[in-house]
Amino acid sequence: MADKITVLDPRGYPPEVIGKRLANRHESLDGKVLYLIDCLFDNADVFMEQLRLWFAENLPAVETRIIRPRESWVDDAEMRAKVVAEGDAAIIGVGL
């Protein structure tokens, strides 16, 4: 067996990570619109609904809206623009 083989590293090359500041926090969510973003992962819809019910029971002054992108793993610019224009905060749920 004199033939040589090439072995590739399956881990690939990680991208450079650049840190970003966290978004500024609101003093309170009372009277604010909170988007719950269901990213279409398995069971994320169930989690988002449970989270919506928690807010309704524990923080009723917060208006929650569940929103979903058109497809998973693809940036939905229209959905993102709606959240920015109409929402005060967002929680992104990626599944359980």
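The values are calculated or read from the model by the stated rules, or taken from the named source; none is laboratory data. All of these numbers come straight from a predicted model, not from anything done at the bench. Here Cβ is always computed from backbone atoms with ideal geometry, including for glycine, and neighbour counts include all displayed protein chains. Note: areas computed on protein heavy atoms with side chains; ligands, DNA, RNA excluded. Shrake-Rupley method; radii C 1.70, N 1.55, O 1.52, S 1.80 Å.
So which pairs qualify, if the first residue must be in the stretch 44-72 and open to solvent by 70 Å² or more (accessible area, probe 1.4 Å), the second must be of a type in the set (Gly, Ala, Ser) and in a helix (DSSP H, G or I), the Cβ gap must be under 9 Å, and the two must be at least 6 apart or on different chains?
Filtered contacts from the stretch 44-72: 68/44.
Could you grab me the full set of residues in the stretch 8-38 that are of a type in the set (A, V, I, L, M) and exposed (fewer than 10 other Cβ atoms within 10 Å of the Cβ)?
The answer is 8, 17, 18, 22, 23.
Which condition number does residue 81 fail, the rest of (1) within 21 Å of residue 22 (Cβ to Cβ); (2) open to solvent by 50 Å² or more (accessible area, probe 1.4 Å); (3) of a type in the set (A, V, I, L, M); (4) part of a helix (DSSP H, G or I) being met?
(1)
For the stretch 50-75: of the residues being acidic (Asp, Glu) and at pLDDT below 95, which is farthest from residue 31 (Cα to Cα)?
71
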